[in-house]
Amino acid sequence: MADPEKAGNGSSRENPKYESATVLEMEGVGFRYPGTPHDAVDGVDLRVEEGEFVVLVGPNGSGKSTLCRLASGLLLPSRGRIRAFGLDTAEEDLLPTIRSQCSLVLQNPDHQLLASTVREDVAFGLSRLGLEMEEIRERVDEVLAFLGIDSLADRDPLTLSMGERKKVALAGALVRRPRLLISDESTGMLDPASREEIMEALISWKERSGAALLHATHREEEVAMADRAILLNGGRAVFTGRPMELFDLEEARELGLAPPPLVELARELARRGHPLSTPRWSFHRIADSLSALVGHDDGGQGS
Ligand SMILES: Nc1ncnc2c1ncn2[C@@H]1O[C@H](COP(=O)(O)OP(=O)(O)O)[C@@H](O)[C@H]1O
Ligand SMILES: [Mg+2]
């Protein structure tokens, strides 16, 4: 990929599983929590296509979590319209279908872990989908292997580290094979290396499955990884576009968002005539690109 500004792009329009390319559509969506004086979400228009990675970014209280709950059909809009997979969330009969095709991952995994072993916990997400035991076992094994936590299958989730518990919660979301994965600050409460692991898992899952990813965050480095960014402020979507354009926006700077160091580094290198071939804005990917640039790519073993 020659254009580093397009990093993270990976559509799968041709995926035959899905008949409709638009996974989520919001038109003029507003939401106010009962008894509060302001709209938490105020007139948001938004579209997420299959295979797309869209990031919701904005300061605390800007409406990210509310938008995630609206997108997953947990909250219904006070005004405007939401369609998920072409189905209107205002139609009560359709809500079970909509919810069965969305998974929501939250910041605190302990709000999502229920069973006494990892395997049972992950399988729990499938209990209401009416699958055979055999298929449940296959799906659980597959997702545990994908996330590299198969060795934890018989452990009690509560004895695991935060990073491991996050992966178990994520496994419970992915095992349902959603068409839309909504991640509400799922990288919160982690150290940088573990955050990057979760982001890599989210993105590679998205690329394998052809599903869509809507990820709420306030971290610039995660914004950089997305195909498209939506900046929220006071419940309004004040910008929608490519992450690199967002970083150059006056309003984003005022809200404390700046290009992350990796992006600054890549831009400076490009200015000096050494554009990086960056498949993704992660520390390890950039390290790979830099190694390739200086001509001794030792696969990260160091010397
Ligand atoms: N359960 C709730 N009841 C009342 N107000 C809420 C509730 N959850 C969020 N809010 C308010 O809605 C607004 C948006 O919050 P939220 O969606 O949590 O934003 P973010 O996730 O970006 O921090 C804030 O003003 C917040 O105080
Ligand atoms: Mg939030």
Six or more apart or on different chains, Cβ under 9 Å: which pairs go from a residue in segment 113-137 that's in a helix (DSSP H, G or I) to one that's crowded, with 19+ Cβ neighbours inside 10 Å and of a type in the set (S, T, N, Q)? Could you list them? Asp121/Gln112
Within segment 31-54, of all residues that are within 16 Å of ligand 2 (Cβ to nearest atom) and among the aromatic types (Phe, Trp, Tyr), the one surrounded by the fewest Cβ atoms within 10 Å (Cβ to Cβ) is Tyr33
Pairs returned, first residue in segment 200-213 that is under 12 Å from Thr187 (Cβ atoms), second residue that is in a helix (DSSP H, G or I) and among the aliphatic types (A, V, I, L, M), beta-carbon separation under 8 angstrom, 6 or more apart or interchain, are Ala201/Leu170; Leu202/Leu170
Just one of the numbered conditions (1) surrounded by fewer than 19 Cβ atoms within 10 Å (Cβ to Cβ); (2) assigned to a loop (DSSP other than H, G, I, E, B) is not true of Arg99; which one? (2)
For segment 207-253, enumerate the residues that are part of a loop (DSSP other than H, G, I, E, B) and either among the hydrophobic types (A, V, I, L, M, F, W, C) or within 16 Å of ligand 1 (Cβ to nearest atom) (or both). Ala211, His218, Arg219, Met225, Ala226, Gly234, Gly235, Leu249
So in segment 55-92, with the set limited to residues that are within 16 Å of ligand 2 (Cβ to nearest atom) and part of a strand (DSSP E or B), which one is surrounded by the most Cβ atoms within 10 Å (Cβ to Cβ)? Leu56
Residue that is farthest from Phe53 (Cα to Cα), among those in segment 286-303 that are surrounded by 13 or more Cβ atoms within 10 Å (Cβ to Cβ) and at pLDDT 85 or above: Ser291
Of residues in segment 231-258 being over 21 Å from Gly28 (Cα atoms) and in contact (Cβ under 8 Å) with a residue 40 or more places away in the chain, the one surrounded by the fewest Cβ atoms within 10 Å (Cβ to Cβ): Gly256
Screening Leu95, Leu67, Leu75 for residues that are within 16 Å of ligand 1 (Cβ to nearest atom), aliphatic (A, V, I, L, M) and more than 17 Å from Val238 (Cα to Cα) leaves only Leu75
Evaluate segment 158-165: report whether one residue or more is in contact with a strand residue (DSSP E or B) (Cβ under 9 Å, 6 or more places away or on another chain), of a type outside the set (D, E, K, R) and not in a helix (DSSP H, G or I). no
Between residues in segment 177-188 that are of a type in the set (A, V, I, L, M, F, W, C) and residues that are within 16 Å of ligand 2 (Cβ to nearest atom) and part of a loop (DSSP other than H, G, I, E, B), which pairs lie under 7 Å by C-beta distance while being six or more apart or on different chains? Ile182/Ser72
Just the residues that are more than 10 Å from ligand 1 (Cβ to nearest atom) and among the acidic types (Asp, Glu), please, taken from segment 24-39. Glu25, Glu27
With (1) assigned to a loop (DSSP other than H, G, I, E, B); (2) within 16 Å of ligand 1 (Cβ to nearest atom) as the list, and Asp42 as the residue in question, which single condition is left unmet? (1)
Those residues of segment 254-273 that are of a type in the set (A, V, I, L, M) and part of a loop (DSSP other than H, G, I, E, B) come to a total of 3
It is to be established whether one or more residues within segment 138-150 are within 16 Å of ligand 1 (Cβ to nearest atom), over 18 Å from Ala212 (Cα atoms) and among the hydrophobic types (A, V, I, L, M, F, W, C). no
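The values are calculated or read from the model by the stated rules, or taken from the named source; none is laboratory data. Please read all numbers here as calculations on a predicted model, not as lab measurements. Backbone-built Cβ (ideal geometry, glycine too); neighbour counts: all protein chains shown.
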